[in-house]
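A.B. asks: One structure, as structure tokens, below. Some questions next.
The values are calculated or read from the model by the stated rules, or taken from the named source; none is laboratory data. In this text, all values refer to a predicted model and were calculated from it rather than measured experimentally. Cβ atoms come from the backbone with ideal geometry, glycine included; neighbour counts cover every protein chain shown.
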Amino acid sequence: MFERALNVFWVVLGATSAVYAWSLGMIGPAGPESGLFPFIASVIVASAGVVLLLRPATLAHAPDFPRGGGLWRVLGVILGLIVMAAGMPYLGFSVTSFITMIILLRTVDRSSWLSAVTLAFLSTVSVFWLFGSMLGMALPRGPWGW
Amino acid sequence: MKWAGIAYALVVALLSAPAGAQSDPKADLAKLKPKDFPTQPIEFTVVYPAGGGMDVSARLLAKHVENLTGDRILVNNRTGGAGMVGHSYLATQAKPDGYTVGVVASLLWGDAMLRAQGRWSFTDLEPIAYVNSDALIWVGSTEGPYKGMSIKDVVNAAKDKPNTIRVAIVPGSMWEYILDQIEANSGAKFLRVPFQGGGAGITALIGGNVDIAQGFYSEFRGHLEGGKVAPLAVAAAGRMDFLKGMPTFNEAFGSNEYLWQLVRYAVVPKDTPADRKAYLAAAVQTAMKDPELIAEYRKQGVFFDPKLENSKNLAADLNAYAEVERQFYIKTGRLK
Amino acid sequence: MMEALNGLLTGFGVILTPANLYLCFLGSLIGTLVGVLPGVGPLAALALLLPVTFTLSPIGGMVMLASIFYGAMYGGSTTSILLNIPGEAASVVTCIDGHQMARQGRAGPALGIAAIGSFIAGTLGVVIMTFFAPAIAAAAIRFGPPENFALMVLGLVCTLFMISGSTIKGVLMMALGFLTAAVGLDVVNGRERYTFGSVDLSGGIELLALVIGLFGVAEILSNVETMAKTTLLADRIRGLWPSLADWRASWRAILRGSGLGFVLGLVPGGGPVTAAFMSYALEKRIAAQPDRFGKGAIEGVAGPESANNSAVAGSLIPVLSLGIPGNPVTALLLGALIIQGIQPGPLFIAQQPDLFWGIVASMYVGNVFLLLLNLPLVGLWVQFLRIPYRVMFPVVLLLCVVGTYSANKNVFDLWVMLGFGVAGYVLRKLEYDLAPFVIAFVLAPLLEQSLRQSLVMSSDGAMILIKRPVTGLLLAASVVLTFLMFRRRTKTEGGLP
């Protein structure tokens, strides 16, 4: 089922992309225009999607999408990354990474509060120091200056 | 109360300046330093990749400002979209807290007028100091069918044989615009081969893949010394000190419209607090007076536009240049 | 010949001072570290450390920067092999077989071969540089858009070889790579494509964010899903040194990788990334049993890791002999020289013999330092596998985030990383091979740009591609290879899948 959905996605993606590429122009006086290469690539994507749809399912084994605990862990990592990307511009690197680490360690790993806080604190500080002082890279700071 | 303090400091600085050798720029600068600033490194934002001409200018400047003020300066390259990503960042996202200084080039104006689509304008960035100018230079090869020709010969050749002389351009910028002007005025037609930057064009020139390349002095100086390229003309108001034998386009064609220079200057986002802005402006301007820095810049083949060097109102003078560019865009139909 | 040896002696005289040796060692150390950290690559490290060189002498500064560059190529394989997370873009292919070897308990030999292959390739590259730099540079300069185009086509054809599993899916991935590369500015005419008004997208998709997402985040997601409280591979570490059989299998791959990498480093737009990918494709194509690839074939580690090292030497030749940078890292090195007031150009070797030969000599020394650094570290890295994954992965994830961020200091890249991470995770489950996507992404812009440039500059249209000898040759080779590939696939897999 997932496979079918993905193949349909390829067809749709390829088709819409081809239309967009067409609007960019195919051939101009000086040779290919902006749209030609993307158009060809989109057509390939859509055609491949069609071929895959038409064939019987050929996966070696059914895709095992996660359930239960596995699913929560995967979602936990994704959540952590979302927090990181969304929070960094406002809260600065240190605080955001501390929070993210806590989220990761608590949801995915289920460590105790103490070990989570400790590890989060240690890793945040060492990364900040490693990149900030040693490599001289400015990691974003929050409104409180660090 | 802050204003009084700044005014006092400026007066002191101005009064001591004519004393010449007795004034200490570092001390004067220290007097202008606002309280609690800076507590973290200041970012000099460069919107082009590391190692390029803009980057080199910015890093030299940062080095000297750091020495003068003792503050930590970090040069940061925010690249992408031929400068668009960095310009947008400076104009719309950078916090106006004095910790971001953009070291930008006048290509900013083109981006703002043609590509920003109203989201920001170059007036969102306030100029605080002029750095240097780099004029566009046409170079030809020392081998091949066009060697030894002057710029007028080349244009005539392009008139006689339209669409055969290959010129390296960077699309969407002054490299194209000067060609538009020349072609419009002389009836010549060049074959425009697009590249990602002036340097790539120079490489192609040496490899025999184009006949004319356009770039800045620092991009071809090594090849010039190696005898591989021959400079043809410069798109500036006067001849360059480092290449006195090279005419300007205006000289060669009896015109005054072939003026294509990269003006580099430092900006801060608007609404930066006045005291921090004044401090940063003073820091950069003082650094720009350092003879060592000037010498280093001269080695890069930049020149210092006298109008901007001694400008009383930098923003107004820069805007005047920007206006000229805007008129060009309107005249050539790029802007309504 | 004698000149070169004289020059080399001068160079050693310059480099063998305590200060310069220290800088070379420091650069090697930092380079290794930078290579190991996922995402942070030599470009970011060099940009960050450039100001440090202001206070150093020109030779000191250049030696340090150069050793960071090739040091990163040594370190990059470490996380690729151990964690299936690339240390930097040039180490992506090492993940494929390197990590499989680690899963079979052969992390030690994999790391060892990577280090030794890197050393051999790096040294060979410098040797060629020593004797042939000016001549090679003069030839390389003639490589124009048509030649670039033909080379990219050859690269794409080789990529077709790399496709394991379903050909259709592989081709689809390559086409997607093309599409993703089209996001941003069209170089040829400055127009925006697929940006939909987003300023961040107008800069295109950052390669590092894509690679770390597809291979780093996706890997972590997979591991986290099935995680029990066990360590990753601790029970299966068997031996730390490559066996004789490993050597026999690898030495030819190392030599081929060295040669290929050097050539690919030389051409503009090439460099270690392209070199590693093409070497992997080459090894797979040449192997007697290509099915071993993807399951722990040591050639899949030896070849690419050697290629990315000799590519460093190759890419330094145009910069040092002609003053022409072929990729962002060498452009940065050029900038560093310019800031010091030195203008590399055709006269560089003649005018600054101390500097040029000093840099060359430092590369011999640097490679030795790196071998001595990395081999003992193999034992240390392997111990890292004993750290429970549940503790390690958050830290690794954090490093991935910082590494990705270091490319452009743009938070948008983090979203890109996340997006590709999830996509990679899903695609892996549905048995899509991601490597062709990345290669197509890397090669596509140059291919398109070169073709369009060639057509513009030629007076007789597409004929230019045949009239120029090198171009014609490379294109002919591509056609032949494609034909051979289809023949082989139909033979071994009983018809096109």
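A.B. asks: Of all residues being without any contact (Cβ under 8 Å) to a residue 12 or more places away in the chain and surrounded by 22 or more Cβ atoms within 10 Å (Cβ to Cβ) in the range B:78-95, which is farthest from the other protein chains (Cβ to nearest Cβ)? Just the residue, please.
C.D. replies: B:Gly81
A.B. asks: Give the range C:191-204 a look and list any residue that's at the interface with chain B (Cβ under 7 Å from one of its Cβ atoms) and either more than 28 Å from the chain's Cα centre (by Cα) or surrounded by fewer than 18 Cβ atoms within 10 Å (Cβ to Cβ) (or both), or say none.
C.D. replies: Result: C:Val199, single match.
A.B. asks: Starting from residues that are in a loop (DSSP other than H, G, I, E, B) and not small (Gly, Ala, Ser), keep the ones in the range C:11-54 and report whichever is nearest to C:Ser406 (Cα to Cα).
C.D. replies: Looking at the filtered set, the residue picked out is C:Val40.
A.B. asks: Got a sec? Which of A:Val77, A:Val95 is buried (at least 18 other Cβ atoms within 10 Å of the Cβ), out of contact with any Cys (no Cβ under 7 Å at 6 or more places or on another chain), within 10 Å of chain C (Cβ to nearest Cβ) and in contact (Cβ under 8 Å) with a residue 24 or more places away in the chain?
C.D. replies: On the way: A:Val95 fails: within 10 Å of chain C (Cβ to nearest Cβ).
The unique qualifying residue is A:Val77.
A.B. asks: Follow-up. On the basis of being modelled with pLDDT of 90 or more, away from chain C (no Cβ under 14 Å), more than 15 Å from B:Ser141 (Cβ to Cβ) and touching a Lys or Arg at 6+ places or on another chain (Cβ under 9 Å), does B:Tyr265 make the cut?
C.D. replies: Answer is no for this residue.
A.B. asks: Here's something else I'd like to know. Go through (1) aromatic (Phe, Trp, Tyr); (2) crowded, with 21+ Cβ neighbours inside 10 Å; (3) assigned to a loop (DSSP other than H, G, I, E, B) one by one and return the number of the condition A:Phe65 breaks.
C.D. replies: It is condition (2) that A:Phe65 fails.
A.B. asks: Something else: Exactly one of these conditions fails for C:Val401: (1) more than 12 Å from chain A (Cβ to nearest Cβ); (2) crowded, with 23+ Cβ neighbours inside 10 Å. Give me its number.
C.D. replies: It fails just one condition, (1).
Residue by residue, here is whether (1) at pLDDT below 90; (2) hydroxyl-bearing (Ser, Thr, Tyr); (3) within 22 Å of the chain's Cα centre (by Cα) holds:
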position: C:Tyr405; (1), (2), (3): yes, yes, yes
position: C:Phe412; (1), (2), (3): no, no, no
position: C:Val422; (1), (2), (3): no, no, no
position: C:Glu448; (1), (2), (3): no, no, yes
position: C:Arg489; (1), (2), (3): yes, no, no
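A.B. asks: Take the residues of the range B:153-192 that are under 19 Å from B:Pro231 (Cα atoms) and of a type in the set (Val, Ile, Thr): which is nearest to the other protein chains (Cβ to nearest Cβ)?
C.D. replies: The residue in question is B:Val170.
A.B. asks: Shifting gears a bit: Looking at the range B:150-168 only, could you name the residues that are without any contact (Cβ under 8 Å) to a residue 12 or more places away in the chain and in a loop (DSSP other than H, G, I, E, B)?
C.D. replies: B:Lys161
A.B. asks: Give the range C:102-111 a look and list any residue that's over 14 Å from C:Ala253 (Cα atoms) and surrounded by 24 or more Cβ atoms within 10 Å (Cβ to Cβ), or say none.
C.D. replies: C:Ala102, C:Arg106, C:Ala107, C:Pro109, C:Leu111
A.B. asks: Out of the residues in the range B:34-77 meeting the condition of being in a loop (DSSP other than H, G, I, E, B), within 12 Å of chain C (Cβ to nearest Cβ) and surrounded by fewer than 24 Cβ atoms within 10 Å (Cβ to Cβ), tell me which one is nearest to the chain's Cα centre (by Cα).
C.D. replies: Here the residue is B:Tyr48.
A.B. asks: Next up: Mind listing whichever residues of the range A:18-45 are part of a helix (DSSP H, G or I) and facing chain C (nearest Cβ under 9 Å)? Talk me through it step by step, then tell me what you get.
C.D. replies: Quick first cut of the range A:18-45, residues part of a helix (DSSP H, G or I) only: A:18-24, A:36-45.
Within the range A:18-45, A:Tyr20, A:Ala21, A:Leu24, A:Leu36, A:Phe37, A:Pro38, A:Ile40, A:Ala41, A:Ser42, A:Val43, A:Ile44, A:Val45 meet the criteria.
A.B. asks: Of the conditions (1) within 26 Å of B:Met113 (Cα to Cα); (2) over 20 Å from the mean Cα position of the chain (by Cα); (3) modelled with pLDDT of 90 or more, B:Ser255 clears all except one; give me its number.
C.D. replies: (3)
A.B. asks: Do you know which of the residues in the range C:337-367 that are in a helix (DSSP H, G or I) and within 10 Å of chain B (Cβ to nearest Cβ) is farthest from C:Pro58 (Cα to Cα)?
C.D. replies: The first filter runs over the range C:337-367 and keeps only residues in a helix (DSSP H, G or I), leaving C:337-339, C:348-351, C:353-367.
Going one step further and asking which of them are within 10 Å of chain B (Cβ to nearest Cβ), we end up with C:337-339, C:348, C:350-351.
Working: C:Leu337: 7, C:Ile338: 10, C:Ile339: 10, C:Phe348: 13, C:Ala350: 16, C:Gln351: 14 Å.
The qualifying residue farthest from C:Pro58 (Cα to Cα) is C:Ala350.
A.B. asks: Give me the helices (runs of 4 or more DSSP H) completely within the range C:404-488, filtered to those with at least 3 residues that are within 11 Å of chain A (Cβ to nearest Cβ) and either surrounded by 18 or more Cβ atoms within 10 Å (Cβ to Cβ) or charged (D, E, K, R) (or both), ordered by residue number. Walk me through it before giving the result.
C.D. replies: On the way: elements: C:412-429, C:435-457, C:464-467.
Passing ranges, in order: C:412-429, C:435-457.
A.B. asks: Please go through the range B:273-317 and give me each residue that is part of a loop (DSSP other than H, G, I, E, B) and closer than 18 Å to B:Met54 by Cα, ordered by number.
C.D. replies: Once the filter is applied, which keeps residues that are part of a loop (DSSP other than H, G, I, E, B) and closer than 18 Å to B:Met54 by Cα, the range B:273-317 yields B:Gln300, B:Gly301, B:Val302, B:Phe304, B:Asp305.
A.B. asks: Could you tell me whether B:Thr332 is β-branched (Val, Ile, Thr) and crowded, with 16+ Cβ neighbours inside 10 Å?
C.D. replies: For B:Thr332, the condition - β-branched (Val, Ile, Thr) and crowded, with 16+ Cβ neighbours inside 10 Å - is not met.
A.B. asks: Report the residue count in the range B:169-213 for those that are of a type outside the set (Lys, Arg), more than 15 Å from C:Pro146 (Cα to Cα) and assigned to a strand (DSSP E or B).
C.D. replies: Filtering the range B:169-213 for residues of a type outside the set (Lys, Arg) gives B:169-188, B:190-191, B:193-213.
Now restrict to residues that are more than 15 Å from C:Pro146 (Cα to Cα): B:169-188, B:190-191, B:196-199, B:202, B:206, B:211-213.
This time we only want the ones that are assigned to a strand (DSSP E or B), so: B:169, B:191, B:212-213.
Residues flagged as of a type outside the set (Lys, Arg), more than 15 Å from C:Pro146 (Cα to Cα) and assigned to a strand (DSSP E or B) within the range B:169-213 amount to 4.
A.B. asks: Tell me the residue from B:Ala283, B:Ala287, B:Ala233 that is surrounded by 18 or more Cβ atoms within 10 Å (Cβ to Cβ), in contact with a strand residue (DSSP E or B) (Cβ under 8 Å, 6 or more places away or on another chain) and away from chain C (no Cβ under 12 Å), please.
C.D. replies: Checking each option against the conditions leaves just B:Ala233.
A.B. asks: Within the group C:Phe54, C:Phe12, C:Phe69, which residue is of a type in the set (Phe, Trp, Tyr) and touching a Pro at 6+ places or on another chain (Cβ under 6 Å)?
C.D. replies: Of the residues listed, the single one that is of a type in the set (Phe, Trp, Tyr) and touching a Pro at 6+ places or on another chain (Cβ under 6 Å) is C:Phe69.
A.B. asks: Right, here's the next one. Quick check: anything in the range A:9-27 at pLDDT 90 or above, surrounded by 20 or more Cβ atoms within 10 Å (Cβ to Cβ), among the hydroxyl-bearing types (Ser, Thr, Tyr) and out of contact with any Gly (no Cβ under 7 Å at 6 or more places or on another chain)?
C.D. replies: yes
A.B. asks: Can I ask one more? Could you identify the single residue in A:Thr124, A:Thr107 that is under 21 Å from the mean Cα position of the chain (by Cα) and either more than 7 Å from chain C (Cβ to nearest Cβ) or not aromatic (Phe, Trp, Tyr) (or both)? Before you say what the answer is, go through the steps one by one.
C.D. replies: On the way: A:Thr124 fails: under 21 Å from the mean Cα position of the chain (by Cα).
Answer to the check: A:Thr107.
A.B. asks: Further question on the same structure: How many residues are in a loop (DSSP other than H, G, I, E, B) and out of contact with any strand residue (DSSP E or B) (no Cβ under 8 Å at 6 or more places or on another chain) if we restrict to the range B:236-267? Quick ask: steps written out before the conclusion?
C.D. replies: Restricting attention to the range B:236-267, the residues satisfying the condition of being in a loop (DSSP other than H, G, I, E, B) are B:236-240, B:244-247, B:254-260.
Narrowing further to those that are out of contact with any strand residue (DSSP E or B) (no Cβ under 8 Å at 6 or more places or on another chain): B:244-245, B:254-257, B:259.
Within the range B:236-267, residues that are in a loop (DSSP other than H, G, I, E, B) and out of contact with any strand residue (DSSP E or B) (no Cβ under 8 Å at 6 or more places or on another chain) number 7.
A.B. asks: Still on this structure, I have one more. Count, please, the residues in the range B:289-314 that happen to be within 23 Å of B:Trp260 (Cβ to Cβ) and either of a type in the set (Ser, Thr, Tyr) or in contact (Cβ under 8 Å) with a residue 24 or more places away in the chain (or both).
C.D. replies: Of the residues in that region, 12 qualify.
A.B. asks: Could you please let me know if B:Gln327 is without any contact (Cβ under 8 Å) to a residue 40 or more places away in the chain, under 21 Å from the mean Cα position of the chain (by Cα) and in a helix (DSSP H, G or I)?
C.D. replies: yes
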